[in-house]
Amino acid sequence: MKKIFFTVILMSSIVCFSQETKYNNVEEIRQQQIENIHNPDLWDMERMREDIAPNIDLLPIKFSAFPVPYYDKLGPYKGGGFLGNTHARSVEDYKLIVEDKEVVFNSFFIGDSPFYKEENKNGVFFTIITVADSLDTNNYVPSMALISSRNHPDYGGEGSIMTKNNRIDYLAFTTPDKGSFAIINMRLFHLEHGEIIVIVPHKDGSLRSLQIQGKKVNDQEVFDYIKNEVLIRKDVVEILTEDGVI
């Protein structure tokens, strides 16, 4: 059996609660979330203390410690995380090549949350794909990613991928009521029109982008889906290998 090699980090341990949501609509969820944030009696101070740490330079937005209500005071939290192949040169099976270009990706996913529609459960809500041209001393593509549950039931992640002469910074978040969005180097993407974003750095310092409406996949399916379906698409191959790409 092929060994799975992904970078996966959870900002919180996966916790399941037997209770189901008690709300009639998303407006009630939002109002309760705001009330909980403003109520010191509900703050999980141990969680806040765990978040007090030096900033990570590669992240585009500083992650800071705020008082956060106990998640179960709003409703069940079922975990989430990120995964990608920026360590792919260390495990040959997870190295992605399109013609002469080495390709890396990162994906954010959330757990089986009752706050979201059935088709989104345990699913990937954002994937960024880009071309890599630099390596560090461990043969890893220089990158950093983080996903946070601190805005439960909204979940967001951020990250950076370094090239020799550029840096791809990204932020993505999903909500049960307002949809999902991403900002990549200040370009805004509405993810209901496609949760897969291909970003292609050019030698002149500019970027190109392609947004793809893919099929719904979970964290166990995303690598094979990208490799066997996304990276063979004609439009994807063309943008990744056109003249001027790094």
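The values are calculated or read from the model by the stated rules, or taken from the named source; none is laboratory data. Being a predicted model, the structure only gives us computed values, none of them experimental. Using ideal geometry, Cβ is built from the backbone for each residue, glycine included, and neighbour counts are taken over all protein chains shown. Surface areas here come from the heavy atoms of the whole protein model, side chains and all, with no ligands, DNA or RNA. Shrake-Rupley method; radii C 1.70, N 1.55, O 1.52, S 1.80 Å.
Determine whether segment 29-47 contains at least one residue that is out of contact with any helix residue (DSSP H, G or I) (no Cβ under 6 Å at 6 or more places or on another chain), over 16 Å from GLY157 (Cβ atoms), at pLDDT below 90 and not in a strand (DSSP E or B). Within segment 29-47, none of the residues are out of contact with any helix residue (DSSP H, G or I) (no Cβ under 6 Å at 6 or more places or on another chain), over 16 Å from GLY157 (Cβ atoms), at pLDDT below 90 and not in a strand (DSSP E or B). Of the residues making up segment 207-227, just one is open to solvent by less than 40 Å² (accessible area, probe 1.4 Å), assigned to a loop (DSSP other than H, G, I, E, B) and closer than 19 Å to LEU240 by Cα, namely GLY214. Checking each residue in segment 48-64 for being assigned to a loop (DSSP other than H, G, I, E, B) and not β-branched (Val, Ile, Thr) picks out ALA53, PRO54, ASN55, ASP57, LEU58, LEU59, PRO60, LYS62, PHE63, SER64.
Among the residues making up segment 70-85, those that are open to solvent by less than 50 Å² (accessible area, probe 1.4 Å), of a type outside the set (S, T, N, Q) and either assigned to a loop (DSSP other than H, G, I, E, B) or without any contact (Cβ under 8 Å) to a residue 40 or more places away in the chain (or both) are LEU74, GLY75, PRO76, TYR77, LYS78, GLY79.
Assess whether LYS22 counts as being open to solvent by 60 Å² or more (accessible area, probe 1.4 Å) and either under 21 Å from GLY157 (Cα atoms) or modelled with pLDDT of 90 or more (or both). So LYS22 does not fit the description; no. With respect to being at pLDDT 95 or above, in a loop (DSSP other than H, G, I, E, B) and touching a strand residue (DSSP E or B) at 6+ places or on another chain (Cβ under 7 Å), PRO67 fits the description.
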